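Okay, so here's the structure we're looking at.
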Amino acid sequence: MYGSRVVTRSSHGNFDETCKAFNRLVPDSTRRTLGVTGLFNTGTNLLSTLLVGNCKLPPRALERMDRARAQVPWGKHNPIFFRGVNVARRSEGVPVDEVLPIVVVKDPYTWVKSMCNRMYATKFTSPGEECGLDRGIEVAFLPEAEGGTRAYDSLVALWDEWHDELVSVGREFPWIEIRYEDLLFREEELVGQVCECVGGTLRADYRHVVGDAKGKGGGGRADSMRKYSDRAQREASWSARDLRDFEDQLDWAAMDALGYRIAGSRQRKN
């Protein structure tokens with residue numbers, strides 16, 4: 001459903017050029033590390049676990065990445081503009097320029113459903129149906145900080161704006177965005193590419209995450225693969241009104257760039 005190749009978006013035009021830009025910025029390979037970031041329910045824990053368990057880096061870089069649990073220094077779910085403003089626990093003293101952000105994105109048609117099942121630091125602020133796409137929300141990224149709680153018109157607006165902020169920084173610093181679906185269906189290939197980007201190598205005895213990456217008793221990888229390969233189920237769980245709301249609210253340029261305009265689906269043609 002999501003194509004036959006890995007799809008990425010990045011600061012410097014393509015994956016390889018972005019890796020080169022980061023390595024020029026941080027020529028000392030012992031200081032280069034990877035930091036995972038993304039919205040809630042996008043697979044950030046899965047990628048962090050896979051990188052810590054499988055990416056061989058110089059000891060100094062590996063210790064730094066392991067200590068931070070392979071997360072960006074500004075907090076793994078926070079929008080990109082918290083970079084250099086907030087310092088997450090276990091990331092004290094880590095220069096942000098020495099961390100390559102690896103952003104995980106998920107198809108909004110399935111991501112919104114995941115959010116409605118578990119909203120984390122997000123809450124609805126207007127009345128409506130339980131998972132209505134016309135309901136305003138509030139997200140407490142950093143509830144104790146000024147500007148740390150943000151309001152959005154809907155869950156779809158949160159998806160749009162969070163990723164729009166990322167793209168808006170352009171080439172200010174290197175970053176790479178990967179799809180959760182590629183992490184699920186092309187895991188070892190994608191983890192290898194990300195690791196090699198900063199000069200690392202994969203372990204010969206690659207370690208998969210079989211169960212729930214959060215350790216909370218979820219269905220695990222096999223169940224996720226069945227769930228996210230079902231083209232019909234992707235939209236069948238939404239009403240006709242919901243689908244119209246998706247069409248009206250989504251950033252279709254981002255959907256195209258990320259390969260989320262699925263052939264045969266009920267999505268606008270232009």
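In the set Leu51, Leu62, only one residue is touching a Cys at 6+ places or on another chain (Cβ under 9 Å), surrounded by fewer than 19 Cβ atoms within 10 Å (Cβ to Cβ) and part of a helix (DSSP H, G or I); that residue is Leu62. Residues that are buried (at least 18 other Cβ atoms within 10 Å of the Cβ) and in contact with a helix residue (DSSP H, G or I) (Cβ under 7 Å, 6 or more places away or on another chain) within the stretch 27-36 comprise Arg32, Thr33, Leu34, Val36, listed in sequence order. Note on the stretch 1-42: residues that are free of Cβ contacts under 8 Å to residues at least 24 places away in the same chain and either farther than 26 Å from Gln233 by Cβ or not in a loop (DSSP other than H, G, I, E, B) (or both) total 8. For the stretch 89-96, the criterion of a residue being among the charged types (D, E, K, R) and not in a loop (DSSP other than H, G, I, E, B) is satisfied by no position. Comparison of Pro108, Pro143, Pro127 shows that the only residue that is modelled with pLDDT under 95 and farther than 23 Å from Arg83 by Cα is Pro127. Just for the stretch 216-257: of the residues that are closer than 15 Å to Val112 by Cα and aliphatic (A, V, I, L, M), which one is modelled with the lowest pLDDT? Checked the stretch 216-257; the qualifying residue modelled with the lowest pLDDT is Ala236.
The values are calculated or read from the model by the stated rules, or taken from the named source; none is laboratory data. Only a predicted model underlies this, so the values are computations on that prediction, with no experimental measurement involved. Note that we place each Cβ from the backbone using ideal geometry, even for glycine, and neighbour counts take in every protein chain shown.
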